[in-house]
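Quick notes on the structure that follows.
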Amino acid sequence: MADRGTGWRALRRGVALGLAVTAAWGISLTADLAGVGGQLKSLGEEPALAVALITSQLGELPGKEKGLSGWRRMLLKASPLLEQGEEAVLQLRAGGGGEPPGQEEPDMGDGEEDIDKPDLQPSGGDGIVEMTGQGKEGSQYLRDGGVYVYNRTGQELDSSLLREGTVDVPLGEGPQILIVHTHGSEAYSMTDGDTYEESDPYRTTDCAHNVVRVGEEIATVFRAYGFQVIHDTTLCDYPAYNGAYDRSKAVVEQWLERYPSIKVVFDVHRDALVGSEGEIYKMVSVEAGEKVAQVMMVLGTDAGGADHPRWRDNMAFALSLQQNLVKGYTSLVRPTVLRKSRYNQQLCPGSILVEVGGHGNSLSEAIAGGRLWADNVARTLLEMKG
């Protein structure tokens with residue numbers, strides 16, 4: 001009897017949906033077609049309405065299956081409006097909000113602790129998805145004007161935090177900027193003719209093809225603006241990935257002791273974003289007609305319990321750069337991220353971890369994005385120096 005009742009309910013829903021579609025078709029024959037078309041188009045652009053309609057006609061949201069199937073899909077195809085909402089329904093089922101599901105780093109008490117190496121696999125050639133990371137209202141985002149900060153500390157924070165801290169980067173004579181690479185062997189997709197010998201998937205010790213090449217592009221831009229830059233090309237993650245932050249800490253401490261004039265430290269990385277189905281996300285922006293990799297700044301805090309008394313000053317410095325970046329470009333920078341770990345940023349209040357693109361981007365996109373980022377940052381640093 002239960003099967004028979006379910007069948008009758010399915011039939012009634014099918015008939016109801018068929019009558020609704022027929023009614024809409026009949027109206028279109030007698031009404032102003034342009035007006036009706038415009039109204040349907042506007043309705044189709046409301047995913048919430050489409051989700052509600054699907055739910056009312058087809059029952060509750062599907063369970064763990066990947067999509068709608070059987071008679072549900074047949075009925076769905078009968079209505080462009082309902083079909084418009086299918087993607088939103090599946091995102092709700094997956095618990096997603098339309099953002100790339102980033103590969104999570106383990107929660108760490110300190111930036112010097114080891115980080116598990118990401119298990120990256122080739123996409124198979126057609127699994128790279130382009131995304132543009134942007135801030136949004138609510139959730140874990142803090143906002144101050146056009147600047148968004150993504151709170152990943154696990155602590156309750158509000159936007160008043162973004163106005164705390166003091167920018168303390170007095171740029172005088174001598175070397176002023178240090179660029180290092182905790183994970184220097186990080187590389188990009190070989191999708192634009194750029195090939196390299198892998199030490200691991202999406203990694204190479206060839207510094208002409210890994211993130212060190214991006215760091216050199218950034219250093220070149222800074223030098224063109226008259227800054228004295230030290231670019232340390234040590235691969236702190238090779239041959240052993242574990243302990244990379246300990247080794248990069250020693251590198252930074254060595255240079256700070258040798259040149260106390262260094263007030264800015266950029267640890268340049270590339271991101272890794274992998275979806276639940278193995279798809280690879282590449283973070284892109286179009287600037288002046290050119291597709292470039294997006295750039296993201298990452299800030300450490302004391303949320304993990306490690307001593308980092310001046311992390312708000314690091315944040316104030318990063319946000320002063322972000323303010324000019326969001327004014328200068330359409331979407332070059334992703335929201336700045338706050339995390340639990342220190343990432344060695346306790347060594348200098350002008351320290352920032354910089355992620356240039358992700359492993360789905362090409363090297364040329366990363367170089368282009370890094371160049372634009374550095375050009376804007378250099379002009380901001382000149383203002384500070386003046």
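Couple of notes before you dig in:
- Residues that are within 13 Å of Arg203 (Cα to Cα) and either of a type in the set (A, V, I, L, M) or touching a residue at least 60 places away in the same chain (Cβ under 8 Å) (or both), drawn from segment 238-248: Ala240, Tyr241
- Residue check, Asp307 farther than 24 Å from Arg213 by Cα and either modelled with pLDDT of 95 or more or part of a helix (DSSP H, G or I) (or both): yes
- Residues of segment 274-290 include none that is over 15 Å from the mean Cα position of the chain (by Cα), modelled with pLDDT of 95 or more and buried (at least 19 other Cβ atoms within 10 Å of the Cβ).
- In this entry, Glu186 passes the filter for residues that are among the acidic types (Asp, Glu), at pLDDT 95 or above, out of contact with any Gly (no Cβ under 7 Å at 6 or more places or on another chain) and crowded, with 20+ Cβ neighbours inside 10 Å.
- Which listed residue is within 30 Å of Ala306 (Cβ to Cβ), hydrophobic (A, V, I, L, M, F, W, C), assigned to a helix (DSSP H, G or I) and at pLDDT 85 or above, from Val169, Val212: Val212
- Screening the candidates Tyr141, Tyr150 for the property of being crowded, with 16+ Cβ neighbours inside 10 Å and in contact (Cβ under 8 Å) with a residue 24 or more places away in the chain yields one hit, Tyr150.
- Within segment 328-374, restricting attention to residues that are of a type in the set (A, V, I, L, M, F, W, C), assigned to a helix (DSSP H, G or I) and touching a helix residue (DSSP H, G or I) at 6+ places or on another chain (Cβ under 8 Å), the residue that is nearest to Asp194 (Cα to Cα) is Leu363.
- Just one of the listed residues (Leu319, Leu325) is more than 18 Å from Gly370 (Cβ to Cβ), more than 12 Å from the chain's Cα centre (by Cα) and part of a helix (DSSP H, G or I), namely Leu319.
- Tally, over segment 233-271, of residues that are surrounded by fewer than 19 Cβ atoms within 10 Å (Cβ to Cβ), part of a loop (DSSP other than H, G, I, E, B) and either hydrophobic (A, V, I, L, M, F, W, C) or in contact with a strand residue (DSSP E or B) (Cβ under 6 Å, 6 or more places away or on another chain) (or both): 1
- Residues in segment 195-248 that are within 15 Å of Thr182 (Cα to Cα) and among the hydroxyl-bearing types (Ser, Thr, Tyr): Thr204, Thr205, Thr233, Thr234, Tyr238, Tyr241, Tyr245, Ser248.
The values are calculated or read from the model by the stated rules, or taken from the named source; none is laboratory data. Computed from a prediction, not measured in an experiment: that's the story for all the values here. Positions of Cβ are backbone-derived with ideal geometry, glycine not excepted, and every protein chain shown enters the neighbour counts.
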